[in-house]
Amino acid sequence: MLFETICIHNGSIQNLSYHQSRLDSSRSALFGEEIEELDLSSVIHPPAGSGILKCRVVYDRLLRSVDYTPYRPRSIKRLKMVDSQIGYAHKFTDREQIEELFESRGEADDILIVRDGLVTDTSIANIAFFNGRDWVTPKTPLLRGTTRERLVKSGFLLPRDIRRSEIQGFSKFALLNAMIGFEPVENGIIIDR
């Protein structure tokens, strides 16, 4: 099973075309071309009200569920780098490997996964680094997040390989996903081992 996490802000569905594109791409890659279309705009009907909701759409060949919950952001200031060969090209509901890595965070709030010496993602978000002039993001993330894709397409984020050894050379980092958008972390710390 796969899922999409979609931000609903004051009843308005955010960046739906990027979620639809990833859903279509994942279904095509995993189940082939001969599957019935699944149109997110026809299955997402947020409840009335204000505030931010997290819409979770679970699917495989078919739609399995659509749920809405109030969004409660996590405070993430400290990341611990962990090495792994994990693959997560599609947004699977089975996140057991990621959760196991997350358990190794120690005193940190989250992990920063490094694969083959290159920075990828945290357990819940893509990441970007500020080099004093530009925001750069890993060219090979674990998952091509919808916010990351939107900001790369706009030219705001520049994808490139980021080596573990380069991390301390950046002045700050930002986390990005569908729920938080692009969020620079003030006084963030990255712990290596």
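Overview of results
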quantity	calculated
Flag for residue 99 being surrounded by fewer than 17 Cβ atoms within 10 Å (Cβ to Cβ), assigned to a helix (DSSP H, G or I) and more than 13 Å from the chain's Cα centre (by Cα)	yes
Out of 13, 52, 6, 44, sole residue that is aliphatic (A, V, I, L, M) and under 15 Å from the mean Cα position of the chain (by Cα)	6
Output for the range 117-137, where each listed residue is in contact with a helix residue (DSSP H, G or I) (Cβ under 7 Å, 6 or more places away or on another chain) and among the hydroxyl-bearing types (Ser, Thr, Tyr)	123, 137
Filter result (in a loop (DSSP other than H, G, I, E, B) and either under 23 Å from residue 184 (Cα atoms) or among the small types (Gly, Ala, Ser) (or both)) within the range 55-96	71, 72, 73, 74, 75, 76, 77, 84, 87, 89
Within the range 22-44, considering residues that are at pLDDT 95 or above and part of a loop (DSSP other than H, G, I, E, B), the one surrounded by the fewest Cβ atoms within 10 Å (Cβ to Cβ)	39
The lone exception for residue 67 - which of (1) surrounded by fewer than 18 Cβ atoms within 10 Å (Cβ to Cβ); (2) in contact (Cβ under 8 Å) with a residue 40 or more places away in the chain it fails	(2)
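The values are calculated or read from the model by the stated rules, or taken from the named source; none is laboratory data. Just so it is clear, the structure is predicted and the values come from calculations on it, not from any experiment. Glycine also receives a Cβ, built like all others from the backbone with ideal geometry; neighbour counts cover every protein chain displayed.
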